[in-house]
Amino acid sequence: MPEAGKGKVYPVHNNIFKFGTKGIESTAEQMATPADLENFAPSIDGTVEEWFAMDAAGWAKASMTGKKLSFSFKGKRSVGDPGNDYIAGLAWKFGQDVMTKFEWTMVSGAKLACDVVVNVTTPGGGDSTNIDSLEFEVTGYGKPTFTPAV
């Protein structure tokens, strides 16, 4: 317990990522968290259209007309883990075979869910004494569903 006046202690939460292991038709029971992911980096790329209207006294106007959500992941290859095996198995596939369901539960408890395209960029490799690496990129396919934390 914290000392009086020292502030509240909050529980530690992690980011949780789940991928459908049966592609785009995956059910909730077929979602898995790949083992041994070490790093992730989300990116939101907004498309902004700018113009210089005659009524704006030379100042630009702008509008956000589109967005793209993507993530990069880095971790270790963990043979035998259903989530890790599923992602690694996508390295040699393309088209609809690399599309699946994706969920991100954030530290705050907020949740983002969407269909994604998975691009495995490093299906192994490293020094002779290293565990194989697994690196991949995930790009959203359409609008995600965002559920705020309670």
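Table for the structure above
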read-out: Subset of the range 44-83 (residues that are polar (S, T, N, Q), more than 16 Å from Asn119 (Cβ to Cβ) and assigned to a strand (DSSP E or B)); value: Thr47, Ser63, Thr65
read-out: Unmet requirement for Ser70, which otherwise passes all of (1) open to solvent by 70 Å² or more (accessible area, probe 1.4 Å); (2) under 12 Å from the mean Cα position of the chain (by Cα); value: (1)
read-out: Enumeration of residues in the range 83-92 that are surrounded by fewer than 16 Cβ atoms within 10 Å (Cβ to Cβ) and either in contact with a His (Cβ under 6 Å, 6 or more places away or on another chain) or not small (Gly, Ala, Ser) (or both); value: Trp92
read-out: Number of positions in the range 88-115 that are among the hydrophobic types (A, V, I, L, M, F, W, C) and either over 22 Å from Thr145 (Cα atoms) or in contact with a helix residue (DSSP H, G or I) (Cβ under 9 Å, 6 or more places away or on another chain) (or both); value: 7
read-out: Considering residues of the range 132-150 that are touching a residue at least 60 places away in the same chain (Cβ under 8 Å) and under 23 Å from Val79 (Cβ atoms) only, the residue most open to solvent (accessible area, probe 1.4 Å); value: Glu137
read-out: Selection status of Val107, within 19 Å of Asp36 (Cα to Cα), modelled with pLDDT under 95 and within 17 Å of the chain's Cα centre (by Cα); value: yes
read-out: Of residues in the range 93-117 being in contact (Cβ under 8 Å) with a residue 24 or more places away in the chain and part of a loop (DSSP other than H, G, I, E, B), the one least open to solvent (accessible area, probe 1.4 Å); value: Ala110
read-out: Output for the range 118-131, where each listed residue is closer than 18 Å to Phe19 by Cβ and either charged (D, E, K, R) or surrounded by fewer than 17 Cβ atoms within 10 Å (Cβ to Cβ) (or both); value: Asn119, Thr121, Thr122
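The values are calculated or read from the model by the stated rules, or taken from the named source; none is laboratory data. Keep in mind that what you see is a predicted model, and the values were worked out from it rather than measured. For neighbour counting, all protein chains shown are included, and Cβ atoms are generated from backbone atoms with ideal geometry for every residue, glycine included. The area values use the complete protein model at the heavy-atom level, side chains included, leaving out ligands, DNA and RNA. Shrake-Rupley method; radii C 1.70, N 1.55, O 1.52, S 1.80 Å.
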